[in-house]
1. Can you name the residue in region A:695-730 that is touching a Lys or Arg at 6+ places or on another chain (Cβ under 8 Å) and modelled with pLDDT of 95 or more and, of all such residues, is farthest from residue A:775 (Cα to Cα)?
2. Report whether or not residue A:449 is at pLDDT 95 or above and over 29 Å from residue A:358 (Cα atoms).
3. Do any strands (runs of 3 or more DSSP E) entirely within region B:1-107 hold 3 or more residues that are within 28 Å of residue B:358 (Cα to Cα), modelled with pLDDT of 95 or more and assigned by TED's automatic domain parsing to the domain that holds residue B:136, and if so, which?
4. With respect to the numbered conditions (1) surrounded by 14 or more Cβ atoms within 10 Å (Cβ to Cβ); (2) in contact (Cβ under 8 Å) with a residue 24 or more places away in the chain; (3) in contact with a strand residue (DSSP E or B) (Cβ under 8 Å, 6 or more places away or on another chain), which one is the sole condition not fulfilled by residue A:1021?
5. Can you name the strands (runs of 3 or more DSSP E) wholly within region A:859-957 that have at least 3 residues being surrounded by fewer than 24 Cβ atoms within 10 Å (Cβ to Cβ)?
6. What are the residues in region A:357-385 that are within 14 Å of chain B (Cβ to nearest Cβ) and in a loop (DSSP other than H, G, I, E, B), if any?
7. Just need a number here: residues in region B:310-328 that are within 14 Å of chain A (Cβ to nearest Cβ) and surrounded by 23 or more Cβ atoms within 10 Å (Cβ to Cβ).
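The values are calculated or read from the model by the stated rules, or taken from the named source; none is laboratory data. All figures in this text were calculated on a predicted structure; none of them were measured in a lab. Here the Cβ positions follow ideal geometry from the backbone for every residue, glycine too, while neighbour counts run over all protein chains shown.
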Amino acid sequence: MTKPTKVLIIGSGPIVIGQAAEFDYAGTQACKSVREEGVITVLVNSNPATIMTDEGIADIVYIEPLTVEVLERIIARERPDGLLPTLGGQTGLNLAVELADAGVLERYNVRLLGTPLEAIRKAEDRELFKQLLLEIGEPVPRSASVSSMEMAWQEAERLGLPLVVRPAYTLGGTGGGVANTREEFAEICAGGLAASPINQVLIEQSLVGWKEIEYEVMRDGAGNCITVCNMENLDPMGVHTGDSIVVAPSQTLTDKEYQMLRSASLKIIRALGVEGGCNVQFGLAPRPLQGERYSPDGINTPYVVIEVNPRVSRSSALASKATGYPIARVAAKIAVGKRLDEITNQVTGESTAAFEPALDYCVVKIPRWPFDKFAGGDRTINTQMKATGEVMAIGRTFEAALQKAVRSWEVGGRSLLWEDPAWRLAEADSPASVLDHLHLGPTDQRLWAVMAALRRGVTGRDIALRTGIDLWFLSKLEKLVAMERRLLGEPLTPVLMRDAKRLGFSDDQIAQLGDSSRTEGLPERVRALRKEWGIVPAYKMVDTCAAEFSAATPYFYSSYEPENEALPEPGPKAVVIGSGPIRIGQGIEFDYCSVHAAWALDEAGVKSVMVNSNPETVSTDFDTSDRLYFEPLDEESLRNILENEEAPGGLGAQGDHPSMPPSIVQFGGQTAINLAGPLDRAGQAILGSSVDSIDLAEDRRRFEGLMDHLGIPQPPGAAITVTGDAVKVAEAIGYPVLVRPSYVLGGRAMEIVHNDADLIEYMNNAVGISEGRPILIDKYLDGKEVEVDALCDGERVLIPGVMEHIERAGVHSGDSMAVYPALNLSVREVETLVDYTTRIALGMRVRGLMNVQYVVMAESGAGEPQVLVLEVNPRASRTVPFLSKVTGVPMVRIATHIMLGRSLQSQGYDGGLWKRQRLVAVKAPVFSMAKLMGVDTYLGPEMKSTGEVMGIDYTFEGAVIKALLSSNLALRTGDPVLLSIADRDKEEAKAIITAFHNLGSPLYATEGTARLVESLGVPVRLVAMKIGEGHPDVVDVIRGREVGAVVNTITGRRNPLRDGFEIRRTATEARIPCFTSLDTVRAALHSLAYGDYRVQPLRDYLAGVDRPE
Amino acid sequence: MADNAYLILSDGTSFEGEPFGAPAWASGEVVFNTSMTGYQEVLTDPSYAGQIVVMTYPLIGNYGVNEHDFESRAVQVRGFVVREACDEPSHWLSTSTLGDFLKARGIPAIQGIDTRALTRRTRTQGVMMGALTNGETLPQALDRLESQPAYDGTDFVRTVSTNAPYGWERNRPVMRARIGGKPHVVVVDFGLKYNILRILAEKGCAVTAVPATTQLEQVLALRPDGVLLSPGPGDPALLEYAVELAGGLLGATTPGGKPLPMMGICLGHQVLARALGADTFKLKFGHRGANHPVQELASGEVHITSQNHGYAVDAARLTKEAEVTHLSLNDGTVEGLRHRRLPVLSIQYHSEASPGPRDNVYIFDRFLEMVRG
């Protein structure tokens, strides 16, 4: 095969459930890998928060919507001769197939690189794949592919329940599920048919209770095949692998089973003709099935092939981090014609990519679910993935890897000791009572429930019978319970301590279990004792080869073994604290920042030491930093790492004295910033803004004091702890008020309350949540929300840009569409914002980055600007990558240099507002609501989005329409619209109704809204609000796709909310744009009327290429 | 502490752990294996005779021990070293824990040591003699180790090879193979693994395993259609009788009068290479694992192989009549040979796998093509 000269790489778009940061990692590696071969790379992605869309990763970067139309325009402009479709997740793969089907590839002579289209089709189409497996003699579950409910019922009769439903061509199994009853089957099947873009679902024999095993395999164009890794799911079949606790390598398979499935994997990728990476999933029976015959010697365990992903996937990212084998890099090289044996193994520097990693450790992955944010969501996990991210941990024992993964989870500091208060009802030593009170079915809390059951005397065997979890895993959990008992009952000795540490018990857990009357009561005492006894972690290297060859990979994990391989290197260095798992409120943006921090340190001649627990990210790629510790982001693990890194010649060190490196906490989101205090108390240095500055922003009283001192207004409000005070405060400042518990992230449990009754109800529910912590009540101001990021060196403050939100204050900033530059602010308002931001940054003594959120009141235009400060975060914000990209100001790099002591001026920057770019960029949120049953989708003060996209153009309209296209919220001219508007918004809705009518959209409306529409002289079709109150009802018109969009605003709290709930859920599940803010609708309508946009590389917008004057 | 055990190395390094097998003293060459599964096959592989095997994967014994994963009748290793031995295995085939199995077979074993540190030491220092010991001081143990015969000078083939010929049918050894019109393959047992016999039998051969010291005439008297020189333990330079036998077979013919097809695996390959004029030498720390890439020179194809050898072939003085066909992608050592004129091929790696990938079973097909002529 000839090497291409110019290759188009399609990214995976916004972070959604089922498609997260792993594709930034894959795409970034692929771009670098292909460029190394002297091939020009053109990258397209709509997600600005990625490293891959940075200048310097690909040769030419487009941040444009991922649609066939846009891609065709890019292809026409760039004329690539190759397209790499297998690194952008399902999105990239589907687009490549669509481009081929639309004849675009043929028209422009673009060759599909890597895995051929034919193989992709065979792997993705369930029926074709099944045929292929049957041809090569590989076992498949009994199943049938159906495209209507009628066919579905026929097949269900034949196959018998329980059945699994899997829709074709969807992300993360969207719309699928296990049906145990006829009712469930009807519901899931209908949903699955709707979810599949080709209206096809597979229904198949349920393999609940079978082991789920995955293999990551590679094949080159010459036919050489290897397996990178296999993985075993702790959760047996029935739980999506993305929602399963996964262990690498497999633990309970004999060599014969291991090799049987390995051989099957290779046979399958050969038969498909995959060229690159591929994931193969199997179900393996835990024992022979009854009534079936096996080979004469009786040693073949039954298995079935579940599915393949003929591309780089979440599992391959995990396998890459678990083994050190860079799957995406190698897959990209294969795509441009290299053979496995022609690719160097970067880890050893000597051997080639044609080998199979050998692990000498155990890896555990735990998914990170969003249920902490969506208390009302259905916590059951099944074949439809619900996790937003994941954590990984490495240990020399399974127990240590598991416990470290739990520590990395970052849900309320929860260790394996955590128990749901409701479980207290379960009586110990009464297994029946325990099993009644503990839900051992698959949920996000199952691991903890199993531990609770074991503590109460239920045997591993009983749990294995109920859950299908292999006894091997349960016996390991029993060992943890046994150790808990020893720690509770025995005096702490060096041997006991060492044994506990080897099983992954944290100092905190040991302290909790220790007798508080003895010395070990506090974690700090445990730590001191541990060090006194010389029990400190030894760091081992991830080297792909189990130490068989010398390796130079600076990739380490902790163990409690004698030999430490991570010997500290002398010289200046700094620790970058990463952001942990991707979750709502803390996404890939912070990984972007961490990566840039490492690069900036490198540029400054300072060695970077990265600490993170997320296997999906670029930051945990072993060549991003000078040294990588794959560890939990908690106090114990950070302090251990800092102590291990002690060496002479450090930053700020005097002479030859060894010192510990300082830490950078500004880039890893709230995870890192929360570590600032503990590290400071432990005497560790923090680079950039001091812990006092951070505290100033977080402590409401101190913050108010500073704002008063600076003369910067804030909305009136107060912090209260007694329910009775709430009403008094609210009456004093006037409704509506914004209420929230103090010290929470991402606007959790934040609400806008309009009257006493709602406030009292909120207080009754909320005080319990925050356990005595204050509730903050602030005046809710119905103004424009504005966001400013700034850099401060202590003397000057640089403001790269001011962003205006399309949705008014009250919608979480992470869920708002943000526009750069702010188009609707007066010169004086901008001046005020710059002045306030400058004073706040200097007043808070910020060194590095800061983000401020303001509300600008509407009536401020004529008189004095009315700008109030809502919130200050002395760290990198979610908007840093977006703003860096659209202003050309490398914010993280500048901030890192500031932290190292270089002024803005010495870096070539003045203070004040950076020159306003002559372009418009819109950042829009993207939601994963279709995956989360039972979650309400309306926009409010609590953040719900999982990712973001960017639309950029020279006009506001062009930028908005691209942002909407990328976030699947674009309206189509003439599409019918369903309206259900709250009374409060009706006046404002009139203009919108007229606008829809003028654009030719037939209108449907619920009762009150219909009257409003009629009063405007616009024809309207009445739709019943509630099911059972006549036809058509809202669900009919949405599910029947009579309407192409829904506008539904909410009235108030709780009960009224439920009225719109059906509308919003149905629209979400039918994948029809659903607007809950009139501001968003207005922007969408405005852009619809305009309807045109350009497509060009990011750098051309910044340079003003072809800008209309 | 009384219940502690130690692994000591001849350079004086000592690793503390807990005993979990039989409470005996053992010495041997300490080698590491990087396979993540297949410990039972490793334990019963006769090529490990005289050696203390260290598994680099830390969790060993997870699926217990079963009746099907034996590669010979006995446990062959002198001692076994793991980071953690599983005492609660989980598998439907399991009949015993690893520890109980080793106890019953009288094999000492140790767990809880930093096997990665030990592996790194072996990699940098080269393989060393070592001992599993308890209840004695380090100098005492070192003295005792010193007095043991060196691994390198010992012919282990004679101890592991069968005493008498036997056949293989229905997945078990039988007194005598029934030929019944099938091609007859004689396997010279230098320390063979059962899976070689299983595969040959599955592929439709009648199989007879014969002792390593069998004379040429005795082999030919079995009227073989092909001869396979098996893997086995130790230094091929000590095996003059085997090299002599291989040399004799190189000139022999089948009952049909054609040149006798031959295949060598591992030690059998080294023996064959010596018979073809090549030298052998000791590797610093050997190749033992299930992930070794080997390239076939003719096609450029790469295969992942199962390996277990401490010596390798130096092809410098190989007869011009033979050629190197395969090389290791890791260190460039010889991994396969073929005779240019005769139907003879050999491989350094284990096409019979067990443990390890089954990607190379096709080598048997190549051999059997020659056998079936």
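1. The qualifying residue farthest from residue A:775 (Cα to Cα) is A:710.
2. On the way: at pLDDT 95 or above: yes; over 29 Å from residue A:358 (Cα atoms): yes.
Spelling it out, residue A:449 is indeed at pLDDT 95 or above and over 29 Å from residue A:358 (Cα atoms).
3. In region B:1-107, B:26-33, B:51-55, B:79-82 are the strands (runs of 3 or more DSSP E) which contain 3 or more residues that are within 28 Å of residue B:358 (Cα to Cα), modelled with pLDDT of 95 or more and assigned by TED's automatic domain parsing to the domain that holds residue B:136.
4. Tallying (1) surrounded by 14 or more Cβ atoms within 10 Å (Cβ to Cβ); (2) in contact (Cβ under 8 Å) with a residue 24 or more places away in the chain; (3) in contact with a strand residue (DSSP E or B) (Cβ under 8 Å, 6 or more places away or on another chain), residue A:1021 fails exactly one: (2).
5. Filter on region A:859-957 gives A:867-873.
6. Within region A:357-385, the first condition is being within 14 Å of chain B (Cβ to nearest Cβ), and the residues that meet it are A:357-364.
If the condition is that a residue be within 14 Å of chain B (Cβ to nearest Cβ) and in a loop (DSSP other than H, G, I, E, B), then A:357, A:359, A:360, A:361 are the ones that fit.
7. Residues meeting the conditions: 1.
The rows are residues; the columns are (1) under 23 Å from the mean Cα position of the chain (by Cα); (2) surrounded by 24 or more Cβ atoms within 10 Å (Cβ to Cβ); (3) touching a residue at least 60 places away in the same chain (Cβ under 8 Å); (4) within 24 Å of residue A:656 (Cβ to Cβ).
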| position | (1), (2), (3), (4) |
| --- | --- |
| A:569 | no, no, yes, yes |
| A:572 | no, no, yes, yes |
| A:583 | yes, yes, yes, no |
| A:588 | yes, yes, yes, no |
| A:593 | yes, yes, yes, no |
| A:599 | yes, no, yes, no |
| A:614 | yes, yes, yes, no |
| A:619 | yes, yes, no, no |
| A:626 | no, no, yes, yes |
